[in-house]
1. Which one of these is buried (at least 23 other Cβ atoms within 10 Å of the Cβ), of a type in the set (A, V, I, L, M, F, W, C) and either over 21 Å from Q245 (Cα atoms) or touching a Lys or Arg at 6+ places or on another chain (Cβ under 7 Å) (or both): I84, I88?
2. Picking from I133, I117, I124, which residue would you name as being among the aliphatic types (A, V, I, L, M) and under 16 Å from the mean Cα position of the chain (by Cα)?
3. All but one of (1) part of a helix (DSSP H, G or I); (2) among the charged types (D, E, K, R); (3) under 30 Å from G254 (Cα atoms) hold for E180, so report the exception by its number.
4. Sort out which residues of the range 221-275 are in a loop (DSSP other than H, G, I, E, B) and acidic (D, E), and write them in order of number.
5. Show the residue pairs meeting these rules: Cβ distance below 9 Å; 6+ apart or different chains; first residue within the range 91-102 and touching a residue at least 60 places away in the same chain (Cβ under 8 Å) and buried (at least 21 other Cβ atoms within 10 Å of the Cβ); second residue among the charged types (D, E, K, R) and not in a helix (DSSP H, G or I).
6. Quick check on the range 159-217: of everything there that is among the polar types (S, T, N, Q) and modelled with pLDDT under 90, which residue is surrounded by the most Cβ atoms within 10 Å (Cβ to Cβ)?
7. Given the options N270, N247, name the one that is under 17 Å from P137 (Cβ atoms) and touching a residue at least 24 places away in the same chain (Cβ under 8 Å).
8. So, restricting to helices (runs of 4 or more DSSP H) that lie completely within the range 68-147, which ones have at least 1 residues that are among the β-branched types (V, I, T) and under 22 Å from D35 (Cβ atoms)?
Amino acid sequence: MSDEIYPKNKLNDLTGKEWLLLTKSFWLSEKCVDDKDAFKHPAPFLIKDIMKLISMFTKSGMTVLDPFCGSGTTLIAANNLERIGIGIDLNNQYKELAIERLQKKGYLENENYFYHIGDSYKIIKNIKQVEYIVTSPPYHNILKNKGGGLRKKSEKGFRNGSRIGVEYYSEHENDLGNKESYSDFLHSFKQIMKKCFSILGAGKYTTIIISDFTVDKVEVCVLSDVVKLMNNCGFDFVGTTVLLQDNKPLYPFGYPYAYKINHQHQNIINFRKPK
């Protein structure tokens, strides 16, 4: 593969070798020093992981949307790569955290990025066309399953990818993390992704980062449900990358009576809007 950018490459600014590496179906999650502040949020993802995705699916100057922006990792990753970031979240506390993180990098609100507070379902219609969408939605209501004493902070003082167990996103009724049933969660998520589909450029990509989880003590194949949901919105499924988070602690959930899986990875599920 070439060490140069192919002149007809309209998708990204990668060389052939860089492109090839990012098509692997298995990535190791990578931490950096700028991730530390994000752990004030109950479920952050990491800057370098999102930078890989943005570098694959956009060119410099393009616009990236995260409709569940939280601690602002997507906005930081976008700005690190000279893209414009747009974020939406219900919780103003997380916007303040994101701005704090972005200011440390010298990135200015309403110039390098935009962060809207409110319901994504209502706000997205006011956003002009974007070239890429990447997000990780709330995992139904699992953060409200109080696991105090089960998960703990590491010796370094911040979590190795785990949560304390009693913190959740907000009390907002329209927060996906507060939906009473799993079917309600999927329905609300689908409505938001329909809005996302409407403002995404033709032939452009969307990435959903999510793991399987348990609902009422039953393991659910969330990946399959998300693919069906996104197909129904009009997206084409183009593949899943497994993001290994090998630093997460292991817990003997079912020992010694029954097998219970430890989720050590996220599914990076990629979709394309047809041309």
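The values are calculated or read from the model by the stated rules, or taken from the named source; none is laboratory data. Predicted, not measured: the structure shown is a model, and the values here were computed from it. Glycine also receives a Cβ, built like all others from the backbone with ideal geometry; neighbour counts cover every protein chain displayed.
1. On inspection, the qualifying residue turns out to be I88.
2. Step by step, each of I133, I117, I124 is checked, and only I133 is among the aliphatic types (A, V, I, L, M) and under 16 Å from the mean Cα position of the chain (by Cα).
3. Just one mismatch for E180, condition (1).
4. Listed by number, the list holds a single entry, D246.
5. none
6. Only one residue tops the list, namely N178.
7. Answer to the selection: N270.
8. Here the list reads 73-80, 92-104.
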